[in-house]
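**Student:** Here it is, the structure, as structure tokens.
Just so you know, all these numbers are worked out from the coordinates, no wet-lab data involved. Computed from a predicted model, the values in this text were never measured in an experiment. Neighbour counts are summed over all protein chains in view; Cβ atoms, including those assigned to glycine, are modelled from backbone coordinates with ideal geometry.
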Amino acid sequence: MSAEKLDVKGKMCPIPVALTKRKLAELAVGALLEVTGEGELEFDNIQRWVKNNGHEVVQASRANVEFNLLIKKH
């Protein structure tokens, strides 16, 4: 199954969380969403929102300021 993609680079919190929430709402249960962005705060806040709302962070990686998250909708 291929993942939908969401690029939140250049956006500051709370915008990346809001965009992630909106995109996940469009997807079917079990779908994957790949979020790319930048910033430590944004990286942490998206993961926190995902877990607090019953979804799953399948993979999380950071390189310098950029990050990549793979999220599974539940």
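**Student:** Highest first, please rank the peptides 25-31, 51-57, 13-19 by the mean number of other Cβ atoms sitting within 10 Å of their residues.
**Tutor:** Per-residue Cβ counts within 10 Å, averaged per peptide and sorted highest first, yield 13-19, 51-57, 25-31.
**Student:** Straight-line reach only, C-alpha to C-alpha below 15 angstrom: list the aspartates and glutamates that K11 could link to, leaving out same-chain residues fewer than 8 apart.
**Tutor:** E38, E40, E42, D44, E66
**Student:** What angle do you read, to the nearest 10 degrees and between 0 and 90, between the alpha-carbon axis of helix 15-26 and the longest principal axis of the chain?
**Tutor:** 10
**Student:** OK, next. First select every other residue whose beta carbon is under 14 angstrom from the beta carbon of E4; then total the charges, Lys and Arg +1, Asp and Glu -1.
**Tutor:** Net local charge, E4 excluded: +3.
**Student:** Rounded to the nearest 500, what is the 222 nm mean residue ellipticity of the chain from helices alone, with -39500 (n - 2.57) per DSSP H run of 4+ residues and division by all residues?
**Tutor:** Helices in the chain give a 222 nm mean residue ellipticity of -10500 deg cm²/dmol.
**Student:** Could you work out the equivalent-ellipsoid semi-axes for the chain, taking the square root of 5 times each eigenvalue of the Cα gyration tensor, largest first, in whole Å?
**Tutor:** Values for the chain, descending: 18, 12, 11 Å.
**Student:** How tilted is helix 40-52 with respect to the longest principal axis of the chain? Cα atoms for both, answer in degrees (0 to 90, nearest 10).
**Tutor:** Taking the Cα atoms of the chain, the angle to 40-52 is about 20 degrees.
**Student:** With an 8 Å Cα cut-off and a minimum separation of 6 or more residues, compute the relative contact order for the chain in percent.
**Tutor:** 35
**Student:** Let me ask something additional. Suppose every Lys and Arg Cβ carries +1 and every Asp and Glu Cβ carries -1, with no other charges. What dipole size does the stretch 17-74 come out with about its Cα centre, to the nearest 20 debye?
**Tutor:** 300
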